[in-house]
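The values are calculated or read from the model by the stated rules, or taken from the named source; none is laboratory data. These numbers were taken from a predicted model, which means no experiment stands behind them. A quick note on method: Cβ atoms are made from the backbone with ideal geometry, for glycine too, and the neighbour counts reach across all protein chains shown. We work out accessible area using only protein heavy atoms, side chains counted, and drop any ligands, DNA or RNA first. Shrake-Rupley method; radii C 1.70, N 1.55, O 1.52, S 1.80 Å.
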Amino acid sequence: MGKLKEGEIGDKNFIRILVVGVLLTFFIPLFALISEYILLMTLLLVVFWFWFIKFISQEIFKNKTRIRDDTVTELVQYLRKLRHDFVNHYQVLYGIAQISKDTRLLKHLEKVKILNNNYGSILKLSQYDLVQYFLKQLACQSDTESHYQLTNSASWEDFNNSYGPKIVPLLDRVCQLISLEKIVHPSSMIDWELDENTKEYTMVLTVYDSEEPWGVNIDKYLNEVKVEAHKIGVKFEYFTWEEQIAVHFLIPK
């Protein structure tokens, strides 16, 4: 048998445990002829197989998670390479536009530059749930006239990846509560700032919308988000003005 990869279901420890379980299952009926503890041994066997099934489930989940993480990491690296190539082409086009003094083209390229910066900031994230969420949000906002910008100043080297699947539903819920997908007019501004300090990572969403002032009823629902965030160890704060709202997620390192 060839060398088995570490972490896979078919490793040597798994095979040893399986062999022991099979031998116990077949030999216990023989003990019934010579031992009065057959009921106890049967109970122990049931407990063993229950534990074994649980062990298999955990290993399968770990294996799937590892494969998914590797796949997403490879995909993000590929997207980073494509973006690097795009930046090179963009710089050439921008230089040509400056020489030709085409103001309409320069104005359009400035918008493309902001979009490219947003993608670059998102791809700096190390957690695939967050990458997927912000890429999806950016794709939805890119077809609107609102000003959308995401700035990422954090290194994310110490980020606990287990927070990703927990915080994405909270981000999505907040964005739904403030109807982010409905903010599409030119006067609106949607600004994400991702940063860090010695103790925590910060995600700050600031939205300015003159056409849809924030109502007082939103406080109730945002306070519910605060409770949910506290349960997973994340601090949540929000501030509202007549035409502006800011929400803060503080994630411990």
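Looking only at segment 200-239, filter to residues that are hydroxyl-bearing (Ser, Thr, Tyr) and touching a helix residue (DSSP H, G or I) at 6+ places or on another chain (Cβ under 7 Å); which one of those is surrounded by the fewest Cβ atoms within 10 Å (Cβ to Cβ)? Top of the filtered list is 221. Of the listed requirements (1) open to solvent by 10 Å² or more (accessible area, probe 1.4 Å); (2) at pLDDT 85 or above; (3) among the β-branched types (Val, Ile, Thr), residue 178 misses just one: (1).
Cβ separations smaller than 6 Å between residues 6+ apart or across chains give the following pairs from segment 234-253 residues that are assigned to a strand (DSSP E or B) to residues that are aromatic (Phe, Trp, Tyr) and open to solvent by 50 Å² or more (accessible area, probe 1.4 Å): 244/208; 246/239.
Picking from residues in segment 65-74 that are of a type in the set (D, E, K, R) and modelled with pLDDT under 70, the one that is most open to solvent (accessible area, probe 1.4 Å) is 68.
Give me the residue from segment 81-139 that is free of Cβ contacts under 8 Å to residues at least 24 places away in the same chain and of a type in the set (Ser, Thr, Tyr) and, out of that set, least open to solvent (accessible area, probe 1.4 Å). So, considering only residues that are free of Cβ contacts under 8 Å to residues at least 24 places away in the same chain and of a type in the set (Ser, Thr, Tyr), the one least open to solvent (accessible area, probe 1.4 Å) is 94. Of all the numbered requirements in (1) within 17 Å of the chain's Cα centre (by Cα); (2) more than 30 Å from residue 207 (Cβ to Cβ); (3) open to solvent by less than 90 Å² (accessible area, probe 1.4 Å); (4) of a type in the set (S, T, N, Q), residue 77 misses one, and that requirement is (3). If the condition is being over 15 Å from residue 174 (Cβ atoms) and surrounded by fewer than 18 Cβ atoms within 10 Å (Cβ to Cβ), then segment 190-199 contributes 195, 197, 198, 199.
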